Amino acid sequence: MFNKVLIANRGEIAVRIIRACRELGLETVAVFSEADRNALHVRYADEAYLLGPAPSRESYLRADKILDIARKSGANAIHPGYGFLAEREDFASKCAELGITFIGPKPSSIAAMGDKAEARATVIKAGVPVVPGTEDVGNMTNDDLLRIAPSIGFPLLIKATAGGGGKGMREVRSLEEMPTLLASARREAESAFGDGNVYLEKLVEGARHIEFQIMADSFGNVIHLGERECSIQRRHQKLLEEAPSPFLDDELRQKMGDVAVRAAKSVDYVNAGTIEFLVDKDRNFFFLEMNTRLQVEHPVTEMVTGIDIVAEQLRVARGRQLSYTQEQVQFKGHAIECRVNAEDPFNNFVPSTGRITHSLIPTGPGVRVDTGVYPGFEITPFYDPMIAKLIVWGETRAQAILRMRRALEEYRIVGVRTNIPFHQTLMDSHRFMGGQFDTRFVEERFSMDDAIEPSEANSEIAAILATLVSHNETERSAQKVRRNERDASNWKWVGRWERMHR
Ligand code: MV4
C-alpha cells in the first residue's frame, strides 16, 4: 500500500490533491516546469522536482521523467489530476509495470473509453442509450460512411474516434457536402490526435450537457454522486457548472444515474469518472462519452454531497471499499462553480498574461476558492488560462446565485484581465436565472454589450484599493467596483422563483 504520492500536474488541481494527501497523512511529491518554480503546488508539497522547460511537452507531458522522479523520490503512487497524462493508457500501464499505483482507472478502461466509437459499441451492449449513429469500430472508409449516412439521417455529426473537445467534429446537412466535410474532419483529427478515424451520429439540436459523477472501488461497487449541469460553455470550454441540474427531476435523475452506473460497469471501472450525456428538449438522454479522470468541476458535487472525491480516490486506490453505498449518498442544497480564467471577456476572450500584483479572494459562508495562484505569481501563456475556481453553496439555486454574485463582487484580481465580468453578467441574465439554456446559450444568446468594461482608471483604483485592504485599512469610500444593478429586487425575484418551483 502506498504512502507517498507524486502529483503529476500543476495549478489548482495539484494543490487540491496535495491537500487531500495531507489530510490523510500521505507524503507528497510535486513536479514543476521552469515557469512554475514559484507555484503554489511546489510550496505545499513535501518535496518538489524540476521537470524541464515551460512547454508542456518538455515538462508535464514527460512521462519518462515523471516516472524517474517517482523512483528517485520513493513515491509509490501517482495522481495524474486532469489533462496532461491523466487519460493516457500507456502511462497508466507503465506505472503498473513499475509497481507504482496509478490513482485512476485500469489501463483497459481508459483505452475502451478513449476510443469514442469503441465506447459507443461497449455501452450499447450494456443497454445504454446512445444517439443513433454508426456502431462499427475500427477504420471505416468514406464509402462505408457515405453509405450508412442516409439511414442515420441529416443533419448529422462527423466525430473523431480519438475525439473530445469538439476537435474533428463537423455538422453535415446533406449527403452532397459530406465528402468535403469528411476530408476536413479527418485532417483536423489527424493533426490533433495523430488519428484520422471518424464515426457518425445524428445531430441532437438544442441539447443540454449533463454529466454524472461516478465512484467505483476494486470490489465491483459502483455508485453515482448525482449530476452536474455543464451547458454553460464557449467553444467547448466549460465556463460554469452547477449541481443539481435545474433541468432534471428526481425520476429522470434516478434513471440517468442507473444508466451512468451501468456504463461505468461495462468497462470494469474503478476510481472516479464521469459519464457525459446529451439531454434533448423532450428529456431524452443519450450517452456521449466517459471521462476517465477527476474533473475540473468535481467541487460542485463535493458541495452538494459532502463527499471528498479526491480522498475517496486515494481510499479506493489503496484497496479499500467505497465509504458510501448509493443509498447513503444524500444531496443537499445547490452548488455553482465559475471558472475564473485569465482572459479578456471584452476582447473575444483572448488570453491575458502577466504578473498578478494584488488579489482579494472572496470568503465567508458557503464560498470555496480553489486556486494555484497568489499575488506575485506570473501567468504565462504556456498552460490553460484557468487560474481559479469560485465555488458557492446555497440552500436553493436562487440563494446560490445571490451568493455567487456577492462573491464575484468581492473578488479582485489585479495584473491580468479575467472573465469575472462575464460571470457577473451571466448571474444577471434572466435566462440563466430561470434555468433556460442549452449548450448554444453563450455563443448565440448571450452578450457582454451591457456589461461595464473596467477602465484603466478603475483598475488603478482597484490596485490601490487592494493594497489598502491588504494593509488593513478599510477605506471603503474609494471603492469604484461594479455592483449589480438588480440588488434591490433580488429578494423579490428569489421569492417569486421559489414559489414558481415549489
Ligand atoms: C453532439 C452534439 C449534438 N449531437 N453529438 C461536443 C464535444 C463532444 N464531446 C461532443 N459534442 C457534442 N456532441 C450529437 N450527436 C453536440 C455537441 C456539442 C456539445 C456537447 C457538450 C457540451 C457542449 C457542446 C457544444 C457544442 C456541441
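Beyond a 19 Å Cα-Cα separation, which of these cross-linked pairs lie in this structure: K72/K94; K116/K159; K94/K116; K159/K202? The answer is K94/K116. From its DSSP helices (H runs of at least four residues, each -39,500 (n - 2.57)), the chain gives a residue-normalised ellipticity at 222 nm of -10000 deg cm²/dmol.
For the range 143-222, the set of GluC sites (Glu not before Pro) satisfying both a DSSP loop assignment and a count of at most 14 other C-beta atoms within 10 Å is given as E176, E177, E205. The P(r) of the chain has a tail past 45 Å containing 12 percent of all C-alpha pairs. Listed by chain and number, the aspartates and glutamates placed with their C-alpha closer than 16 angstrom to that of K125 are D115, E135, D136, D258, D268, E289; residues fewer than eight positions away on the same chain are left out. Computed as a quarter of the hull surface, the mean projected area of the alpha carbon convex hull for the range 4-103 stands at 5.3 nm². Taking only the C-alpha atoms of the range 215-294, Rg followed by Dmax gives 12.9, 39 Å. Here the relative contact order of the chain, from alpha carbon pairs under 8 Å that lie six or more residues apart, stands at 13 percent. The base-10 log of I(q)/I(0) for the range 255-405, evaluated at q = 0.14 Å⁻¹, reads -0.93 [Debye formula, identical scatterers on Cα atoms, solvent excluded]. Going by a ≥ b ≥ c, the root eigenvalues of the Cα gyration tensor, does the range 140-207 fall in the rounded group (a/c under 1.5), the prolate group (a/b larger than b/c) or the oblate group? Cα axes put the range 140-207 in the oblate bin.
What percent does the relative contact order of the range 4-103 come to when contacts are Cα pairs within less than 8 Å and at least six residues apart? Once divided by the residue count of the range 4-103, the mean separation gives 30 percent.
Quick note: the coordinates plus some simple rules give every number you see, no bench work behind them. None of the values given here were measured: they were computed from a predicted structure. No Cβ is skipped: glycine too gets one built from the backbone with ideal geometry, and neighbour counts run over all protein chains shown.
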